[in-house]
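Q: This structure is in C-alpha cells; I'll ask about it shortly.
Only the coordinates and a few stated rules stand behind these numbers; no lab work does. Because the structure is a prediction, the values reported are computed rather than measured. With ideal geometry, Cβ positions are generated from the backbone for all residues, glycine too; neighbour counts draw on all protein chains shown.
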Amino acid sequence: MLDLNRLKALHAVAVYGSVGAAAEALMVTPSAISQQLAKLERETGAVLIERNGRGVKLTDAAGLLAEHAERILALVETAEADFEALRGAVVGKLTIAAFPTAARGIVPRALTMLKRQHPDLDLLLYEREPERQIRELARGDLDLAVLQDWLNRPMALPEGLSRTALFDDVADVVVPADHPLVKADHVRLSDLAGENWISSAPGTVCHDFLMFLLRSEEREPRIVAMADEYPTHLALVAEGHGCALIPRLGRGPLPEGVAVLAVQPPPVRRIYAVWRSDAARRPAIRAAVDALRCSVDALNISATDAPRPATDAPRPASAELPGG
C-alpha cells in the first residue's frame, strides 16, 4: 500500500519543481524529502527521480503517480472536512494569509475572536500579496486567504477555489494640507489633472488601478515617487511631494500636514475571503469567515471613516459556505 506522506512528498516536488522547494513548503529538511522518495521508489519498484544537472527531474512514472497523488490528497482533505463537519468541532490547524493592509486592519481582531471562542484551533497567519496567496491556496499551503481586487483587475480564481465578499473599501485622495481643493466637499479626478502622484510599485494592483483611473481622464500620470507602504505615501504627501490614492483600510492615523479629499465617483476595491472548495465544510473555515465579518462590523462601529460593508453593489460570482 502506498504511504500517504510519501505521496505528499512526491506531489510537492512535482508542484514546486525541486526537492529543496518541496522541503521548504512542507517544512521539513531536503534529506527527509529524498528519503521519502527513495522509500516510494522501493514500494513501487519504479525509478521516480533522475538527476538533471544540479537538480532532479521526475520520470514519466513519477509524473503519473504525482497526478494520482493530487487526487488522493484532495479526497483526503474532503474526507477530513466532512468528518470535522460531522463532529461540528472547530479544531485542527488553520493557516490564513492576508494582503498587508487587511493583515493589519481586520485580521488581528478576527484572530483574537477565534482564539477566544475556539481555543483548540491552531492558527498560523502569513502576510502575503494576493497573487502569491492564490497560488499557495490552490496548492494547499493555505486554508483561507483574504484577497482584494479593483475595477480594472477583477480577481480570477483557479478551478477549485471559492470566495465570498467581505466588504467594499473606498479609496480617497490624500493631498498636502495647503492644497487649493481641501475645502471642497468632494473632487473628481479630473480636478487633479497635472498633479504629482505618489504610487506603489509598477505591477502591483494598487499602482495599476491608480494608472487606470488617471489615464481614464486622458492624462498621463506624473509619478514622482514609488513606495510599498501607505505610511510612506502619507509622509511624502505631508512634505508636499504629491498626492496619493489610499484606501481607507490601509490609511491608518493621518500625520500633520495632509488632508483627505473624497472622490466622486468613489474608487472602490473589494475584499474577499477565499478557500478551497473541497474544504468548505470544515467548521474552522466557517468560523474564520464569520470572525472576519465580525471584525469588519466592529471596524465600522469604531471608526466613522471606516469602509462600509458591501450592500447593493453588484456582487461577483461567489460561494457561500455550507451551513454558514
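Q: Of the listed peptides 99-108, 139-148, what is their order by residue-averaged count of other C-beta atoms within 10 Å, with the highest listed first?
A: 139-148, 99-108
Q: Residue-wise, which Karplus ³J(HN,Hα) couplings in Hz belong to region 126-142, taking 6.51 cos²θ - 1.76 cosθ + 1.60, θ = phi - 60°, and x for glycine or proline?
A: 10, 8, 9, 6, x, 4, 5, 4, 4, 4, 6, 5, 5, 7, x, 6, 10
Q: Does region 169-268 classify as rounded, prolate or oblate by the C-alpha gyration tensor (a ≥ b ≥ c root eigenvalues; a/c under 1.5 gives rounded; else a/b over b/c gives prolate, otherwise oblate)?
A: rounded
Q: Please give the contour-minus-distance gain from D3 to R215: 0.36 nm per residue of separation, less the Cα-Cα distance, rounded to one decimal in nm.
A: Length gained, D3 through R215: 70.7 nm.
Q: Can I ask one more? Please check: in the Gaussian network model of the chain (C-alpha springs, under 10 Å), which one of I134, I72, I246 has the largest mean-square fluctuation.
A: Between I134, I72, I246, it is I72 that shows the largest mean-square fluctuation.
Q: A further question follows. If the elastic network links every pair of Cα atoms under 10 Å, which of D228, D149, D185 fluctuates the most in the Gaussian network model of the chain?
A: Maximum among the listed residues: D185.
Q: OK, next. Convert 20 °C to kelvin, take the viscosity as 1.002 mPa s, use the Kirkwood radius over C-alpha pairs of the chain as Rh, and evaluate the Stokes-Einstein diffusion coefficient in µm²/s, rounded to a whole number.
A: 97
Q: How large is the helix-only mean residue ellipticity at 222 nm for the chain, computed as the sum of -39500 (n - 2.57) over DSSP H runs with n ≥ 4, divided by its residue count, in deg cm²/dmol to the nearest 500?
A: Helices in the chain give a 222 nm mean residue ellipticity of -13000 deg cm²/dmol.
Q: Under the rule of at least 5 residues apart or a separate chain, name every residue whose amide H is placed under 5 Å from the amide H of V187.
A: Residues meeting the criterion, in which the H sits 1.01 Å from N, are A262, V263, Q264.
Q: Another question, if that's okay. Lys pairs in the chain, Cα-Cα under 21 Å, at least 8 apart or on separate chains: how many?
A: Details: K8/K39; K8/K57; K8/K93; K39/K57; K93/K115.
Summing the qualifying lysine pairs gives 5.
Q: Once amide H atoms are placed 1.01 Å from N in the peptide plane, what residues at a sequence separation of 5 or more from L125, or on another chain, have their amide H within under 5 Å of its amide H?
A: Residues meeting the amide H criterion: I96.
Q: Tabulate in residue order the Karplus-calculated ³J(HN,Hα) for region 171-179, using 6.51 cos²θ - 1.76 cosθ + 1.60 with θ = phi - 60°, rounded to whole Hz; enter x for Gly and Pro.
A: Couplings: 10, 10, 8, 9, 10, x, 4, 9, 5 Hz.
Q: May I ask for the angle, rounded to the nearest 10°, between helix 30-44 and the longest principal axis of the chain, with both axes built from Cα atoms and the value confined to 0 to 90°?
A: Compared with the principal axis, the helix lies near 40 degrees.
Q: Counting only DSSP beta bridges with both residues in the chain, tell me the antiparallel percent, nearest 5.
A: In the chain, approximately 65 percent of DSSP beta bridges are antiparallel ones.
Q: On to the next question. May I ask you to sort K8, K57, K93 by Cβ crowding, counting other Cβ atoms within 10 Å and putting the fewest first? Intermediate values should be presented prior to the final figure.
A: On the way: K8 19, K57 14, K93 10.
If I rank by nearby Cβ atoms, fewest first, I get K93, K57, K8.
Q: Hey, in the GNM for the chain with a 10 angstrom Cα cutoff, which one of R188, R276, R128 fluctuates hardest?
A: Taking springs between Cα atoms under 10 Å, the residue moving most is R188.
Q: Return E70, E229 ranked ascending by Cβ neighbour count within 10 Å, so the fewest neighbours appear first.
A: Numbers: E70 17, E229 13.
Fewest-to-most ranking of E70, E229: E229, E70.
Q: Oh, and also: Please give the FRET efficiency for L123 paired with A238, using the beta carbon to beta carbon distance and R0 = 35 Å, rounded to the nearest 0.05.
A: Step by step, r from the Cβ atoms, then E = 0.45.
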